[in-house]
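The values are calculated or read from the model by the stated rules, or taken from the named source; none is laboratory data. Every value quoted in this text rests on a predicted model; they were computed, and no experiment measured them. Cβ placement follows ideal geometry from the backbone for every residue including glycine, while neighbour counts extend to all protein chains displayed.
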Amino acid sequence: MKISLIAYFSHMLFVPQASQSSFYRGQNLRFCPRFLRQKIIACGMEISMRKNMGRFSKKLLAAVLCVSLSAGTLAGCGKKESAGNNSTENSRSDSESQSTDAQQETTTQFPDIERKTADEIEINPEVIDVTTFALPDGPEESGIFVQPIEDISDDFIRGMDASAVLAVENSGAKYYGFDGEEQDVFKTLAEAGVNYIRLRVWNDPYDENGNGYGGGNNDVATAIELGKRATQYGMKVCIDFHYSDFWADPTKQYAPKAWKGMNLEQKSDALYDFTVTSLTDILNAGVDVCMVQVGNEINKGMSGETFMSSVAELLKAGSSAVREVSKAAGKDIQVAVHYTDIDKQGEVAKITADLEKYGVDYDIFAMSYYSFWHGSMENMQDMAEYVQDTYGKKVVIAETSYCYTSEDGDGSGNSVSGDGDLVDGYDATVQGQADMLRDICAAADEADIMGVFYWEGTWIPVGPADADNSELWEKYGSGWASSYSGSYDPKDAGKYYGGCSWDNQALFDFTGHPLDSLKVFRELKYGATAPLAVEKVPGVEVFCNVGAELVLPETAQVVYNDKTANREVPVVWNAEQIAAIDTNIGGSYQVEGILQDEELDEEYRTVVANVEVKLINYVVNSSFEDSDTSMWKVVYNGKENPTDYQVNAKDAKTGETAFHFWSASEMDFSIEQEVTGLEPGTYQLSAFSQGGDMLSSSVLELYAVADGVEYTQSFELTGYADWKEPTVTDIKLTGDTIVVGVRMKCNGGSWGTVDDVTLNRVGE
């Protein structure tokens with residue numbers, strides 16, 4: 001899970017990525033409050049590309065974007081991108097594929113490490129008395145509705161990442177069972193149907209004085225203690241090796257302190273030794289390890305290595321270590337490799353092709369899938385099926401979650417607010433959280449995915465939101481990062497340390513009592529019923545073009561906790577409010593309505609229609625979503641066309657497609673459309689554009705030609721996702737035709753996209 005988003009590439013490493021995530025453009029800024037999502041500082045770029053690689057190829061060599069997050073911001077996982085031929089990584093020789101750390105201290109001497117084999121590894125596991133809980137054999141009564149998933153296997157992974165539990169408990173927080181009595185949280189998880197626990201492991205999450213970095217202070221000893229408790233209640237364990245001293249994710253993959261200065265061979269040996277030693281200790285403690293992640297969200301590298309040829313060597317070392325320990329233990333421990341930003345097949349195709357190319361030995365392709373960052377469930381299924389069908393690998397969802405409230409539990413802010421971050425159809429309620437978890441499991445089961453791990457569903461607040469909980473976070477590591485982490489990660493964690501930003505996505509409330517949504521795991525097969533109740537009456541969105549008749553819907557939807565009971569109810573709208581709307585000018589309005597059903601409680605009898613009177617956009621295929629682009633005319637100077645229509649939602653203002661440009665050579669081009677059949681009057685033209693690496697001599701213009709007169713507006717592009725909206729106003733038309741367009745003269749290596757070209761009639 002990414003925690004703390006400090007450096008997210010505007011032009012990402014192996015493949016195009018607006019995970020880049022827009023920075024999740026509101027999406028994968030996991031753990032990042034919305035007011036900070038625009039705090040991006042460009043740090044510098046190097047360009048070495050070929051035709052049609054565009055901005056994506058350049059991403060391989062781009063410097064990091066620095067994203068400043070506030071105290072308590074976590075950075076989720078996340079998060080993506082296009083086809084493999086956009087990367088220049090494979091063009092580099094192995095001799096060039098050393099990490100920055102390795103290059104800094106090539107003369108440092110390290111003792112040789114003799115890799116142990118199965119014959120040299122001693123496994124004598126401690127015997128742990130195990131208590132198990134059976135799944136129900138029929139539907140249950142609950143506080144929520146759960147639709148059954150027919151024929152789902154009892155072996156389907158119903159997993160939970162519970163890495164922060166010990167730190168939370170040490171901070172004084174308590175966990176309770178469904179009966180309201182205090183009890184071991186792992187017992188509660190097992191009772192709820194959880195059958196697999198995932199635990200992250202950092203090499204050395206402490207400073208030189210023994211102060212923990214936070215985030216659970218998840219060293220091997222912590223994994224042993226938590227793993228034994230999980231095993232005690234019959235749950236299997238997945239060990240998630242980050243091969244870092246603190247958070248590893250697409251934004252950062254720092255090598256452990258002890259590995260600084262190592263070359264690739266030395267680092268591979270050290271990784272092998274750490275894996276063997278740690279996994280041996282965990283197994284000897286009696287922990288029932290059945291899966292091991294070699295790395296965590298390694299899209300952009302691992303342990304300080306960035307090029308795939310080097311990362312592959314580390315992966316092979318880790319996999320080999322797991323195989324040897326597994327053989328020594330007489331267990332079939334599955335090896336998983338873990339990636340995020342799986343919403344684009346190009347990203348997944350590139351990753352899996354590289355794993356195959358470099359001969360990485362693994363069993364499971366593990367994916368982070370957060371519905372609010374990583375696209376539709378259908379697309380997630382497609383990615384999983386691609387991996388299965390192409391390479392014959394198993395797939396598991398290693399991380400997912402959803403919020404049950406928009407409230408903050410510890411005063412540190414939430415990474416997902418529960419407002420604009422929600423997925424349509426899933427409210428920030430316990431029922432909404434349960435629906436999301438159930439539906440992800442259903443989608444996974446349909447796609448033959450092994451199962452689902454919920455990320456940190458036990459990470460609850462260690463103090464109230466109106467209290468200063470920093471002392472607890474600092475002392476016990478129960479926040480996402482402590483100030484002590486600054487010695488390891490000074491640019492992000494060391495500046496913006498704080499509490500938990502995930503508490504509103506836990507499956508326990510702020511006081512440690514389990515939510516009904518936790519029981520979804522045990523209720524997947526047969527479902528659950530609850531007293532039927534209204535969840536909400538959603539507002540109605542109404543759009544009306546200027547000059548057109550305003551028509552409001554005759555009914556409004558009533559949403560129930562059992563979604564199958566949803567129904568349409570007649571509504572009477574406020575006539576005075578309707579009459580006050582002037583449809584001859586653009587604007588936003590609200591109209592109240594009364595649902596005509598006396599059986600509804602009074603609080604659910606009112607509905608609001610949000611009315612937007614929109615100016616008509618006369619540009620055809622204005623957002624380039626239609627594959628027929630014949631209405632657009634592209635003119636360019638030079639031998640090769642530097643433009644294309646790029647399908648990549650991260651680089652589009654709206655939709656999935658935008659007009660894209662990039663070339664290694666100087667560019668001189670325009671794109672325009674002749675708009676006909678217009679009425680005389682005054683018009684306004686606008687467009688959105690983003691891009692970068694422009695020299696000051698570059699000329700970028702939005703233009704319109706009406707009645708032989710040209711109107712222009714120059715603009716500049718200043719970086720990825722920094723959208724500019726040049727606007728040409730007061731365009732006078734006496735005829736019926738306006739030519740609209742964008743022209744650019746810019747240096748080789750610059751790049752960008754244009755989207756949402758709009759021409760409105762704004763006056764007589």
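Between a residue in segment 207-234 that is under 18 Å from Cys290 (Cα atoms) and any residue that is crowded, with 18+ Cβ neighbours inside 10 Å and of a type in the set (Phe, Trp, Tyr), which pairs come within a Cβ distance under 6 Å, given they are 6 or more apart or on different chains?
From segment 207-234, the pairs are Arg229/Phe186; Ala230/Phe186; Tyr233/Phe186.
Give me the pairs, please: first residue somewhere in segment 486-508 and closer than 22 Å to Gly463 by Cα and hydroxyl-bearing (Ser, Thr, Tyr), second residue anywhere and in a helix (DSSP H, G or I) and modelled with pLDDT of 95 or more, beta-carbon distance under 6 Å, and either six or more positions apart or on two chains.
The qualifying pairs are Tyr497/Ser483.
Go over the candidates Gly214, Gly227 one by one and state the one that is modelled with pLDDT of 95 or more, part of a helix (DSSP H, G or I) and crowded, with 24+ Cβ neighbours inside 10 Å. Before the answer, list the steps.
Values: Gly214 fails: part of a helix (DSSP H, G or I).
After ruling out the rest, the residue left standing is Gly227.
Quick one: what pairs do we get from segment 253-268, first residue more than 16 Å from Ser485 (Cβ to Cβ) and surrounded by fewer than 18 Cβ atoms within 10 Å (Cβ to Cβ), second at pLDDT 95 or above and of a type in the set (D, E, K, R), C-beta under 9 Å, 6+ apart or different chains?
Matching pairs, first to second residue: Ala258/Asp204; Ala258/Asp245; Glu265/Glu313.
Only one of (1) within 23 Å of Val762 (Cα to Cα); (2) at pLDDT below 95 fails for Ala649. Which number is that?
Going through the list (1) within 23 Å of Val762 (Cα to Cα); (2) at pLDDT below 95, Ala649 breaks only (1).
Are any of the residues in segment 439-456 under 30 Å from Lys257 (Cα atoms) and in a loop (DSSP other than H, G, I, E, B)?
Among the residues of segment 439-456, at least one is under 30 Å from Lys257 (Cα atoms) and in a loop (DSSP other than H, G, I, E, B), which makes the answer yes.
Here's a check for you: in segment 371-386, which residue that is out of contact with any Asp or Glu (no Cβ under 7 Å at 6 or more places or on another chain) and part of a loop (DSSP other than H, G, I, E, B) is surrounded by the most Cβ atoms within 10 Å (Cβ to Cβ)?
Across segment 371-386, the extreme among qualifying residues is Trp373.
Within segment 414-438, work out how many residues are part of a loop (DSSP other than H, G, I, E, B) and surrounded by fewer than 24 Cβ atoms within 10 Å (Cβ to Cβ). Talk me through it step by step, then tell me what you get.
Let us first name the residues in segment 414-438 that are part of a loop (DSSP other than H, G, I, E, B), namely 414-429.
From what is left, the residues that are surrounded by fewer than 24 Cβ atoms within 10 Å (Cβ to Cβ) are 417-429.
Final tally of qualifying residues: 13.
Looking at segment 747-764 only, could you name the residues that are in a strand (DSSP E or B) and of a type in the set (Asp, Glu)?
Narrowing segment 747-764 to residues in a strand (DSSP E or B): 751-763.
Within segment 747-764, Asp755, Asp756 meet the criteria.
For segment 148-165, name all the residues that are crowded, with 16+ Cβ neighbours inside 10 Å and more than 16 Å from Met235 (Cβ to Cβ).
Initially, segment 148-165 is screened for residues crowded, with 16+ Cβ neighbours inside 10 Å, giving 148-149, 152, 156-165.
Residues satisfying the conditions are Pro148, Ile149, Ile152, Ala164.
Is it the case that Ser623 is in contact with an Asp or Glu (Cβ under 6 Å, 6 or more places away or on another chain) and assigned to a loop (DSSP other than H, G, I, E, B)? Spell out how you get there, then give the answer.
Numbers: in contact with an Asp or Glu (Cβ under 6 Å, 6 or more places away or on another chain): yes; assigned to a loop (DSSP other than H, G, I, E, B): yes.
In short, yes.
Applying the selection to segment 716-746, what residues are outside any strand (DSSP E or B), of a type outside the set (Ser, Thr, Tyr) and surrounded by fewer than 17 Cβ atoms within 10 Å (Cβ to Cβ)? Talk me through it step by step, then tell me what you get.
Within segment 716-746, the subset outside any strand (DSSP E or B) is 716-718, 725-726, 734-737.
Keeping just the survivors that are of a type outside the set (Ser, Thr, Tyr) gives 716-717, 725-726, 735-736.
Passing the criteria: Glu716, Glu725, Gly735, Asp736.
Please go through (1) under 28 Å from Ile616 (Cα atoms); (2) surrounded by 14 or more Cβ atoms within 10 Å (Cβ to Cβ); (3) touching a Ser or Thr at 6+ places or on another chain (Cβ under 7 Å) for Thr555 and return the number of the only condition it doesn't satisfy.
Of everything listed in (1) under 28 Å from Ile616 (Cα atoms); (2) surrounded by 14 or more Cβ atoms within 10 Å (Cβ to Cβ); (3) touching a Ser or Thr at 6+ places or on another chain (Cβ under 7 Å), Thr555 misses just condition (3).
Name the residues in segment 566-586 that are of a type in the set (Gly, Ala, Ser) and surrounded by 14 or more Cβ atoms within 10 Å (Cβ to Cβ), would you? Steps first, please.
Step one: list which residues in segment 566-586 are of a type in the set (Gly, Ala, Ser), which gives 575, 579-580, 586.
Correct list: Gly586 only.
Might you check whether a residue that is closer than 30 Å to Glu656 by Cα, among the polar types (S, T, N, Q) and surrounded by 24 or more Cβ atoms within 10 Å (Cβ to Cβ) occurs anywhere in segment 331-340?
Here is the first cut: in segment 331-340, the ones closer than 30 Å to Glu656 by Cα are 337-340.
Applying the additional criterion that residues be among the polar types (S, T, N, Q) yields 340.
Now narrow it down to the ones that are surrounded by 24 or more Cβ atoms within 10 Å (Cβ to Cβ): 340.
The answer is yes, given that some residue of segment 331-340 is closer than 30 Å to Glu656 by Cα, among the polar types (S, T, N, Q) and surrounded by 24 or more Cβ atoms within 10 Å (Cβ to Cβ).
I'd like to know if segment 467-475 contains one or more residues that are in contact with a helix residue (DSSP H, G or I) (Cβ under 6 Å, 6 or more places away or on another chain) and in a helix (DSSP H, G or I).
Of all residues in segment 467-475, those in contact with a helix residue (DSSP H, G or I) (Cβ under 6 Å, 6 or more places away or on another chain) come to none.
Checking segment 467-475: not a single residue is in contact with a helix residue (DSSP H, G or I) (Cβ under 6 Å, 6 or more places away or on another chain) and in a helix (DSSP H, G or I).
Hey, could you check segment 540-552 for residues that are exposed (fewer than 12 other Cβ atoms within 10 Å of the Cβ) and in a loop (DSSP other than H, G, I, E, B) and say which is nearest to the chain's Cα centre (by Cα)?
We begin by selecting, within segment 540-552, every residue exposed (fewer than 12 other Cβ atoms within 10 Å of the Cβ); these are 541, 543, 549, 551.
Subset that is in a loop (DSSP other than H, G, I, E, B): 549, 551.
Numbers: Glu549: 41, Val551: 38 Å.
Top of the filtered list is Val551.
Go through segment 696-715 residue by residue and tally those that are surrounded by 16 or more Cβ atoms within 10 Å (Cβ to Cβ), assigned to a strand (DSSP E or B) and not aliphatic (A, V, I, L, M).
4
Identify all residues within segment 152-172 that are under 24 Å from Val220 (Cα atoms), touching an Asp or Glu at 6+ places or on another chain (Cβ under 7 Å) and among the aliphatic types (A, V, I, L, M); write none if there are none.
Ala164, Leu166
Looking at (1) over 18 Å from Val452 (Cα atoms); (2) of a type in the set (D, E, K, R); (3) part of a helix (DSSP H, G or I), can you tell me which one Glu407 breaks?
All conditions pass for Glu407, except number (3).
Residue check, Cys238 against (1) outside any loop (DSSP other than H, G, I, E, B); (2) more than 22 Å from Ile397 (Cβ to Cβ), all met but one. Which one?
(2)
Under the condition of being of a type in the set (Gly, Ala, Ser) and more than 21 Å from Thr758 (Cβ to Cβ), which residue from segment 638-677 is surrounded by the most Cβ atoms within 10 Å (Cβ to Cβ)?
Going residue by residue through segment 638-677, those that are of a type in the set (Gly, Ala, Ser) are 638, 649, 652, 655, 658, 663-665, 670, 677.
Imposing the further condition that a residue be more than 21 Å from Thr758 (Cβ to Cβ) reduces the set to 638, 663-665.
Details: Gly638: 12, Ser663: 25, Ala664: 18, Ser665: 12.
The qualifying residue surrounded by the most Cβ atoms within 10 Å (Cβ to Cβ) is Ser663.
Quick one: which residue in Glu592, Glu568, Glu535 is under 30 Å from Thr188 (Cα atoms) and assigned to a strand (DSSP E or B)? Let's see the steps before the verdict.
Details: Glu592 fails: under 30 Å from Thr188 (Cα atoms); Glu568 fails: under 30 Å from Thr188 (Cα atoms).
None of the other options fit; the residue is Glu535.
Given the conditions (1) more than 25 Å from Gly749 (Cβ to Cβ); (2) part of a loop (DSSP other than H, G, I, E, B), and given that Val613 satisfies all but one, which numbered condition is not satisfied?
Among (1) more than 25 Å from Gly749 (Cβ to Cβ); (2) part of a loop (DSSP other than H, G, I, E, B), Val613 violates only (2).
Looking at segment 723-740, can you tell me whether even one residue there is of a type in the set (Lys, Arg) and within 39 Å of the chain's Cα centre (by Cα)?
Going residue by residue through segment 723-740, those that are of a type in the set (Lys, Arg) are 724, 732.
From what is left, the residues that are within 39 Å of the chain's Cα centre (by Cα) are 724.
Yes, segment 723-740 has at least one match.
Only one of (1) under 27 Å from the mean Cα position of the chain (by Cα); (2) more than 30 Å from Ser376 (Cβ to Cβ) fails for Glu674. Which number is that?
Of (1) under 27 Å from the mean Cα position of the chain (by Cα); (2) more than 30 Å from Ser376 (Cβ to Cβ), only one is false for Glu674: (1).
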